[in-house]
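Engineer: So that we are looking at the same thing, I have put the structure below in C-alpha cells.
The values are calculated or read from the model by the stated rules, or taken from the named source; none is laboratory data. What you see is a predicted model, and the numbers here were worked out from it, not measured in a lab. Because the Cβ atoms are built from the backbone with ideal geometry, glycine has one as well, and the counts that use them run over all protein chains shown. The protein model used for the area step is the full one, side chains on, heavy atoms only, and it has no ligands, DNA or RNA in it. Shrake-Rupley method; radii C 1.70, N 1.55, O 1.52, S 1.80 Å.
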Amino acid sequence: MDLRDFYLLAALIACLRLDSAVAQELIYTIREELPENVPIGNIPKDLNISHINAATGTSASLVYRLVSKAGDAPLVKVSSTTGEIFTTSNRIDREKLCAGASYAEENECFFELEVVILPNDFFRLIKIKIIVKDTNDNAPMFPSPVINISIPENTLINSRFPIPSATDPDTGFNGVQHYELLNGQSVFGLDIVETPEGEKWPQLIVQQNLDREQKDTYVMKIKVEDGGTPQKSSTAILQVTVSDVNDNRPVFKESQVEVHIPENAPVGTSVIQLHATDADIGSNAEIRYIFGAQVAPATKRFFALNNTTGLITVQRSLDREETAIHKVTVLASDGSSTPARATVTINVTDVNDNPPNIDLRYIISPINGTVYLSEKDPVNTKIALITVSDKDTDVNGKVICFIEREVPFHLKAVYDNQYLLETSSLLDYEGTKEFSFKIVASDSGKPSLNQTALVRVKLEDENDNPPIFSQPVIELSVSENNRRGLYLTTISATDEDSGKNADIVYQLGPNASFFDLDRKTGVLTASRVFDREEQERFIFTVTARDNGTPPLQSQAAVIVTVLDENDNSPKFTHNHFQFFVSENLPKYSTVGVITVTDADAGENKAVTLSILNDNENFVLDPFSGVIKSNVSFDREQQSSYTFDVKAVDGGQPPRSSTAKVTINVMDVNDNSPVVIYPPSNTSFKLVPLSAIPGSVVAEVFAVDIDTGMNAELKYTIVSGNSKGLFRIDPVTGNITLEEKPNPSDVGLHRLVVNISDLGYPKSLHTLVLVFLYVNDTAGNASHIYDLIRRTMETPLDRNIGDSSQPYQNEDYLTIMIAIVAGAMVVIVVIFVTVLVRCRHASRFKAAQRSKQGAEWMSPNQENKQNKKKKRKKRKSPKSSLLNFVTIEESKPDDAVHEPINGTISLPAELEEQSIGRFDWGTAPPTTFKPNSPDLAKHYKSASPQSAFHLKPDTPVSVKKHHVIQELPLDNTFVGGCDTLSKRSSTSSDHFSASECSSQGGFKTKGPLHTRQN
C-alpha cells in the first residue's frame, strides 16, 4: 500500500466516524412563494440547546451563523442572537429550484444549508434540510393552442383517439386532474386514461358515425383543470378532420423497451432500433417514426430518431449527472389517424468522468484569502467547513478527504461528505508564523480523480510569556531585634517577550506587612522590627507582572526566617504543680511530670530542671521533667510533700525560673469491713411467734477504717432466707421481720450476711453468721447451741431449716410419749426436770445480758472450755465451718517490690448478692486527679499487691490487707471474701467479683428461694 492509498483509507475511516455531539440535523417543511420574514424554525428551541455553560454554570451568549458561499443569494436568513430562521426577499420557486427534475407526488423538492453555533466552547454544526412544498401557481397548458386530429370516416362508434396531454409544472393534486370537452356536438365524447406512472391521457371518443362527404371538419374546445386551490385551467382548440379510410395501423413489436447506455457514449452511437409493422399495403403500409408530443425538448436534443428506420442514436454528448433517465415516446404512423405507440426508457450509466468537488466555506473570515489565527487560540478551533461531493455514483462517487502534509491542523468528519478544519494542537508564533497546505479530495474510481484546495493560515503574536523568576522559592534569614529599613535581598525576574511585554514591575502579596519592595528594582527591605517569639517565619509571595495586553504575571514564594536571640526565660506551665498518688505506690514510681517551655529556639530553649529544697524524697529527671518517688507512700504517715523546682536555659547569658510542686497521697481501699455486732458467729436471737412484721429482730454492725466511699458499707443477706421471712436494711444492718411467723417457721434459722464496702476499683467483703431461733421461748439453750454447732457442718449456701426441725421438736416428742405411757410418776419426773432446766436457763441468760447486752446469748465459758478440749481431741470434719478459711501470710523477699498473691472462691449466689456496687465511671484510672495540670495524669500507679495464701486449720491473724477478722475460737467469725487483690490503678475492671472456697463444699452454687408456706 503506497502513501496515497493510506491517506485515502484514513480519510474514509474518518468519514465514517461522525461526531454526533458536534453535528446535528434539522428538517423543516415550507411552502413555496412565501413572503419575506416568515418564520421557519428556531434552532435552540428545536434542538433543546442550553445557553448555560455546564462547566461554570454561567449563562453564555451564543452566536448563530449561516455558512454560505460568497455571492450566493440566500433563500433564508438566520438571526445571529436568537437562532430563528426566516425567509428572505428572494422568493422560493419550487419549479425553478427543482427545474429539470421529474418529481412525483411522493418525491420531495428541497434545499440544504448549514449553520454553525459559536463560540468554540459551544460549537455545533447544524445541517438543515428545508423541504419546499408545492403551491398551485401554474396553470396546466396544452402543447399547442390548436390541436389537430384526423379521424377516418369509417371509424367505429366508441373508437378512441389520443389527444396530446396537457402539462402542469405543479405536482400532486396541483397538477393536471380533469379534462372537459366543450361543444362536442354530441358527435364526440372525452375519456381520461390514467397510466401506471400517474399520467392522465385524454382520449376523444367517436359517438356517432362519421361521413367525410357530409362534414369533414369539427371544431371544438378542450379544457384542462388542476386540483389546486384556487383552481387553474386553460383551453385549446380541438380541430377534428375526417380523413379517408386506412383501416390498419402499425404495431410495435415491443411497446415498452428499456435500454442502458454509458454517459461517455460518442455522438452517433446507436441506442435502439425500433421496428413496427402494418398489415396494409402500398402507401397505407409506409410507416413513419416520430417522437411523441410528451417527449421533452431536452431529450430530443440528446437523441435523434430516424423517421424511416426507427433507429434512435446519440446526437449530443450525454451527462448522467445532468439527466440519468430519459423517457422517449415513439409513434409509428402509416398515415392513418391512429399511430402505434412505444415507450423507450433510456438509462444513462455512470462513468468516472467527474473529479470531486471541494466546497470550502470559512468560519473564520479570511483576509485576502488568508486566515489569521491567534497563537493563544485553543485546540480544536474551527477554521472552515469543507463539503466534498462527486457527481458520479456508487464507487465513482465515494470521496475521501485529507490534508496533504503534516501540519497542526486536522479534518474532523461531521457528516458523510462534510468536514471541519480545526487546529489539532496549540499554536506557537515563535515556532512557525505561517502555514500553507492543501486539502485533497479523491474519489474511488478507476482511475481515481482528485481535487485540491489551498489553505493559508497566518499566526498573530500574543503576550504569552509571563515573567519568570530565577528562583521559584527565595529563602533568607535575619536576626530578631533588627533595625528598620534593613536590606534583605534583590528579587529579579525575566520575560522572553520584548518591548512593553517585557517591562516588569514587582508587587508584594498578602502577609507581607513587615516588608517593603521597590516596584522597579525589586529591592526587598525590612519595614519593622522582628520578634522571633511572636513570629518565627514569614511566608509571602512576590508578583512580577509585565505590561502586555492582557498583562501576564508569575509569583515566587519568599520565606524569611527570623534567627533567635536569648531574650526569654523558661516558663513553667503552672506556678504550682499538684500531683496525686496512691498510698501503695512503690518506690521509684513515676508520680508526675513537670512541663516547662522556653519561647526561644535552639540552645536558648534547652532547659535543665533541678529540685531546690527536697530531702531526697524524690528524683527529678533534668531533661524530661519526670518526677519519681524515692520513698514508699503511706497516707496515714504523711499525706503530702512540697518542694521547689528550678528551670535554667542554655542561652548566653542563661535565664531561669522556679515553680512549686506538691505531691498529694491518696487513700486506697486496702481494709475490709470489721464486724462489731454480733460479737461471735455462734450467738443467736430469739424471735417469738408473736413478733409483728417490721419489728427489728437482730442487728449487724461493722466499720471500715478506710475513708470516703472506701468506708461506705452495704449489708446483704446472701443465704438462709429462702422463705423470705427476714430482710436486712442495706445501710443500717438492722434485720427486721418481713412476715408474721407461723408454726411451720418454728426452729433455728441461719442467715449468712455479706458486708461489702463501696471501694474503688474493687470492693472488699466480710461474711457474718446470724442465728435466729423462732419460738415462743428458748427453754433449752444448750440444745440450741448444739444445733448451732451442728449447722457448722452445713455449707453456707444451703438452708438449715429442714435439717434442724427434728432437733427442735425432740422435747415435744418426748413429752408426748411420756403422756401416752400414762405414768404419773414419769410426768412428775419430767416436770421436775423441766423446772430445773428452766431455772438454769434463766441464770444463764441473766449472765449473758450483763456481759454482752440484752439481745445476744452465748454459751457459758465452761462449755467453751469443754468444747475446746473436745475439738483438740478429735479431728475436725472436712465440712466444718470452723475450717472455712485460714490464712498464711508469705514473707516477701522485698517489702516494697514483692507482690502478695491470694486465692479465694465465692459461690455465684454470694457474688451476685454480696458485692456492693458503686458507680466509679468517672473515677480516674491513674494516681492523679483528672484535673492534674501536667503530664503526670498520663502515668498509672503500679502499687504492690499484698499476697496471702489460704490453708485449712491455720489460725487467723488480724493484719492489714486481710479479709478475715479473727474472733475467739468458739465465736469463729466467718470472713467475707476478697479478694482484695489489692487493686492496681491499671485494672480495667473495677467490680471483679472474687470467689471463696472452703473444705465444706462452699463452692456449691444454687439459686436462692423466696418464702414458701
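Engineer: Which order do ARG635, ARG519 take when ranked by solvent-accessible area (1.4 Å probe, heavy atoms of all protein chains), largest first?
Structural biologist: Sorted by accessible area, descending: ARG519, ARG635.
Engineer: So how exposed is HIS178, as accessible area in Å² (1.4 Å probe, rounded to 10)?
Structural biologist: 80 Å²
Engineer: Here's a follow-up. Testing the spin-label approximation: label points 7 Å from Cα along Cα→Cβ at ASN357 and ASP531. State their distance in nm.
Structural biologist: Result for the modelled spin labels: 8.7 nm.
Engineer: Using the beta-carbon distance between ASN120 and SER477 and R0 = 51 Å, what value does 1/(1 + (r/R0)^6) give for FRET efficiency, to the nearest 0.05?
Structural biologist: Numbers: r = 50 Å, r/R0 = 0.98.
That gives a FRET efficiency of 0.55.
Engineer: Given a 1.4 Å probe and the protein chains all in place, what does the accessible area of THR597 round to, in Å² to the nearest 10?
Structural biologist: Taking all protein chains as shown, THR597 has close to 80 Å².
Engineer: Where nothing but the Cβ of Lys and Arg (+1) and of Asp and Glu (-1) is charged, how large is the charge dipole of the range 605-747 around its Cα centre, in debye to the nearest 20?
Structural biologist: Once rounded to the nearest 20, the dipole reads 260 debye.
Engineer: On to the next question. With the Cα gyration tensor of the range 328-407 giving a ≥ b ≥ c as the square roots of its eigenvalues, does the rule (a/c under 1.5 for rounded; else a/b larger than b/c for prolate; else oblate) give rounded, prolate or oblate?
Structural biologist: Here the range 328-407 falls in the prolate category.
Engineer: Using the crude model of +1 on Lys and Arg Cβ and -1 on Asp and Glu Cβ, and no other charge, please compute the dipole size for the range 610-672 relative to its Cα centre, in debye to 20.
Structural biologist: That gives a dipole near 340 debye.
Engineer: Provide the solvent-accessible area of LYS762, counting protein heavy atoms only and rolling a 1.4 Å probe, rounded to the nearest 10 Å².
Structural biologist: 40 Å²
Engineer: Next question. From the residues ALA711, LEU725, VAL696, which one has its Cα farthest along the dipole of the range 695-742 in the positive direction, the dipole being from +1 and -1 charges on Cβ of Lys/Arg and Asp/Glu about the Cα centre?
Structural biologist: Farthest towards the positive end: LEU725.
Engineer: Sequence-distant or interchain residues sharing an amide H contact under 5 Å with LYS398, placed H: which?
Structural biologist: Here the answer is SER444, since their amide H atoms fall under 5 Å of that of LYS398.
Engineer: Another question, then. Taking the simple approach of a point 7 Å from Cα along Cα-to-Cβ for both SER389 and ALA73, what is their distance in nm?
Structural biologist: With each label point 7 Å from Cα toward Cβ, the separation is 1.9 nm.
Engineer: Once the piece of chain linking THR235 and THR313 is laid out straight, how much longer is it, given 0.36 nm per residue of separation minus the C-alpha distance between them?
Structural biologist: That works out to 24.5 nm of additional length.
Engineer: Quote to one decimal, in nm, the extra length available between VAL825 and GLU406 on full extension: 0.36 nm per residue of separation minus the C-alpha distance between them.
Structural biologist: On the way: separation 419, 0.36 × 419 = 150.84 nm, distance 14.94 nm.
This chain segment gains 135.9 nm when fully extended.
Engineer: What's the FRET efficiency of SER492 with LEU454 using the Cβ-Cβ distance as r and R₀ = 41 Å, to the nearest 0.05?
Structural biologist: 0.30
Engineer: In the range 163-211, what percent of the accessible surface is made up of carbon and sulfur (1.4 Å probe, ligands and nucleic acids excluded)?
Structural biologist: The value for the range 163-211 is 47 percent carbon and sulfur by accessible area.
Engineer: Still on this structure: Multiply the residue gap between GLU636 and THR707 by 0.36 nm, knock off their C-alpha separation, and tell me the result in nm, one decimal place. Mind showing how you got there, number by number?
Structural biologist: Working: separation 71, 0.36 × 71 = 25.56 nm, distance 1.10 nm.
Extra length available between GLU636 and THR707 comes to 24.5 nm.
Engineer: Does the range 617-716 come out rounded, prolate or oblate, given a ≥ b ≥ c as the square roots of the eigenvalues of its C-alpha gyration tensor, rounded meaning a/c under 1.5 and, failing that, prolate meaning a/b above b/c?
Structural biologist: The shape class here is prolate.
Engineer: Points 7 angstrom from Cα along the Cβ direction at VAL836 and GLN553: gap in nanometres?
Structural biologist: 12.7 nm
Engineer: If you don't mind, another one. About its Cα centre, what dipole magnitude does the range 467-514 give when the only charges are +1 on Lys and Arg Cβ and -1 on Asp and Glu Cβ, stated in debye to the nearest 20?
Structural biologist: I would put it at about 320 debye.
Engineer: Quick query: amide H of HIS178 versus all other amide H atoms, modeled in the peptide plane; which residues come in under 5 Å with a sequence gap of 5 or more or a different chain?
Structural biologist: Under 5 Å from the amide H of HIS178 lie the amide H atoms of GLU225, each far enough along the sequence or on another chain.
Engineer: So if R0 is 22 Å, what FRET efficiency would LYS129 and GLU322 give, r being the distance between their Cβ atoms, rounded to the nearest 0.05?
Structural biologist: Computed FRET efficiency for LYS129 and GLU322: 0.45.
Engineer: Here is a follow-up. Can you sort SER270, SER554, SER389 by 1.4 Å-probe accessible area, starting with the largest?
Structural biologist: SER270, SER389, SER554
Engineer: When the accessible area of the range 568-618 is split by element with a 1.4 Å probe, what percent falls to carbon and sulfur?
Structural biologist: 44 percent
Engineer: Could you rank the peptides 346-356, 613-623 by their average count of other C-beta atoms within 10 Å per residue, with the highest value first?
Structural biologist: Result, highest mean first: 346-356, 613-623.
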